[in-house]
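Trainee: I am attaching a structure below and will ask some questions about it afterwards.
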Amino acid sequence: MTQTRQRFPAPAKLNLFLHVTGRRPDGYHLLQTAFQLIDRCDYLDIGVSADGGIQRDNDVPGVPAESDLVLRAARLLQQASGSRLGAHIHLQKNLPMGGGLGGGSSDAASTLIALNHLWQTGLNRKELMTLGLQLGADVPFFIFGRNAFAEGIGEELQELSTPDRWFVVIEPGVHVPTPAIFSAKELTRNSKSVRIADFSSSTEVQWKNDLQTVACALFPEVDEAIQWLSQFGNAKMTGSGACVFCAFSDESDADEVIRQISGRWTSWKAKALNCHPMANLLQS
Ligand code: C5P
């Protein structure tokens, strides 16, 4: 029998800057980035079952069940914890795939946090972050629970304080495959290392996303959205794209930009979050 379902959010992130500082022997890239949580979310409705089965209850276009990070996360936790319980999961996808918003990684992180709570498996934050890293480089950040300055491949995290503000995000209408951007021969991989204090104490204008030039060359739609949004401020791509964003201190300014986009692209406004909406479910 499946218990009553509970709903859990999986918030998106923006990369306020992203520098590629090197490459590891296994091909993964060394990065420095600032991760910002925002209040645009996917949602997971999860019911616990006693039979140990793990299944997704709905089809998600473009995400076959075998490669779904949500199911992989649930199975990984089941294996690691030895839990005999199972789960029925419904995934409401609001975040675009290939958007650079961390949707798949956040879904996986929220699955780990939610099932750790529902199955009472008792893993702490650090243990869940270690499991999450097996699923993707961005997953530990979403379990960390705070905005963060990240290094390594994205898993070495330090809490970062960021202003309360609003973001306008444009979906340029293309899906950018992350591996294609990282493997491009034109990608520069030698940004000089910075310190968290350098980022915190300066204006963000000079902080770039090193993946942006490559993504714009391969996907002119991304470039076009950045050019347009730049008339309102420091517009940038998040992650490996395709989404682009611009920050506003006043909500009404963000609303006005959304009004001007009117139908040209899918776009939305999001609020900066200080912490992950499920942070209270984790023991540090
Ligand atoms: O870890 P994740 O599955 O999200 O990464 C997708 C792909 O992006 C990797 O297979 C790799 O090609 C590339 N990547 C990278 N360096 C990183 C993160 C991702 O090269 N730090």
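The values are calculated or read from the model by the stated rules, or taken from the named source; none is laboratory data. Note that the coordinates shown come from a computational prediction; the quantities given were computed from them, not determined experimentally. When we count neighbours, we look across all protein chains shown, and the Cβ atoms used for this are built from the backbone with ideal geometry, even at glycine. When the accessible area is computed, the model is the full protein with side chains, heavy atoms only, and any ligands, DNA or RNA have been set aside. Shrake-Rupley method; radii C 1.70, N 1.55, O 1.52, S 1.80 Å.
Trainee: So, counting K/R as plus one and D/E as minus one, what does the shell of residues with Cβ under 13 Å around Ala242 add up to? Spell out each step's value before the answer.
Mentor: Values: positive: Lys236; negative: Glu171, Glu221, Asp223, Glu224.
So the environment of Ala242 carries a net charge of -3.
Trainee: To continue, here is another question. Test of understanding: in a Gaussian network model of the chain with alpha carbons linked when under 10 Å, which of Arg125, Arg23, Arg75 would top the mean-square fluctuation ranking?
Mentor: Arg23
Trainee: Provide the net charge surrounding Pro172, with neighbours chosen by a C-beta distance below 11 Å and charges set as Lys +1, Arg +1, Asp -1, Glu -1.
Mentor: -3
Trainee: A further question on this structure: In whole Å, how far is the Cα centre of the stretch 221-284 from that of the stretch 79-145?
Mentor: So the separation of the two Cα centres works out to 24 Å.
Trainee: With unit charges on the beta carbon (Lys/Arg positive, Asp/Glu negative), name the residue among Leu76, Val48, Val139 whose Cα is farthest towards the positive pole of the charge dipole of the chain.
Mentor: Of the listed residues, the answer is Leu76.
Trainee: I've got another one for you. Taking only Cα atoms, what is the 0 to 90° angle, nearest 10, from helix 69-81's long axis to the longest principal axis of the chain?
Mentor: With rounding to tens, the tilt is 50 degrees.
Trainee: Now, a different point. Rolling a 1.4 Å sphere over the protein heavy atoms, what is the accessible area per residue of the chain, to the nearest Å²?
Mentor: Counting only protein heavy atoms, the per-residue value for the chain is 44 Å².
Trainee: Follow-up question, since we're still on this one. If you roll a 1.4 angstrom probe over the protein chains with everything in place, what fraction of the accessible area of the stretch 73-222 belongs to carbon and sulfur, to the nearest %? Walk me through the numbers on the way to the answer.
Mentor: Working: 3340 of 6540 Å².
Ligands and nucleic acids excluded, carbon and sulfur reach 51 percent.
Trainee: Compare Gln231, Gln78, Gln55 in a GNM of the chain, Cα atoms joined below 10 Å, and give the one with the largest fluctuation.
Mentor: Taking springs between Cα atoms under 10 Å, the residue moving most is Gln231.
Trainee: So what are the chain's ellipsoid semi-axes, whole angstrom, largest first, if each one is the square root of 5 times an eigenvalue of the alpha-carbon gyration tensor? Each step should come with its number before you reach the end.
Mentor: Details: eigenvalues 195, 87, 66 Å².
With the √(5λ) rule applied to the chain, the semi-axes are 31, 21, 18 Å.
Trainee: Can you tell me the alpha carbon radius of gyration of the stretch 129-284 divided by the globular rule-of-thumb value 2.2 N^0.38 Å? Mind dumping the intermediate values first?
Mentor: Numbers: Rg = 16.4 Å, N = 156, 2.2 N^0.38 = 15.0 Å.
For the stretch 129-284, the normalised Cα radius of gyration comes out at 1.09.
Trainee: For each pair in Lys185/Lys208; Lys126/Lys208; Lys185/Lys269; Lys208/Lys269; Lys126/Lys236; Lys13/Lys126, compute the distance between the two Cα atoms and list the pairs where it is over 23 Å. Before the final figure, lay out the partial values.
Mentor: On the way: Lys185/Lys208 19 Å; Lys126/Lys208 30 Å; Lys185/Lys269 34 Å; Lys208/Lys269 21 Å; Lys126/Lys236 31 Å; Lys13/Lys126 20 Å.
Among Lys185/Lys208; Lys126/Lys208; Lys185/Lys269; Lys208/Lys269; Lys126/Lys236; Lys13/Lys126, the Cα-Cα distance tops 23 Å for Lys126/Lys208; Lys185/Lys269; Lys126/Lys236.
Trainee: How tilted is helix 103-118 with respect to the longest principal axis of the chain? Cα atoms for both, answer in degrees (0 to 90, nearest 10).
Mentor: With rounding to tens, the tilt is 30 degrees.
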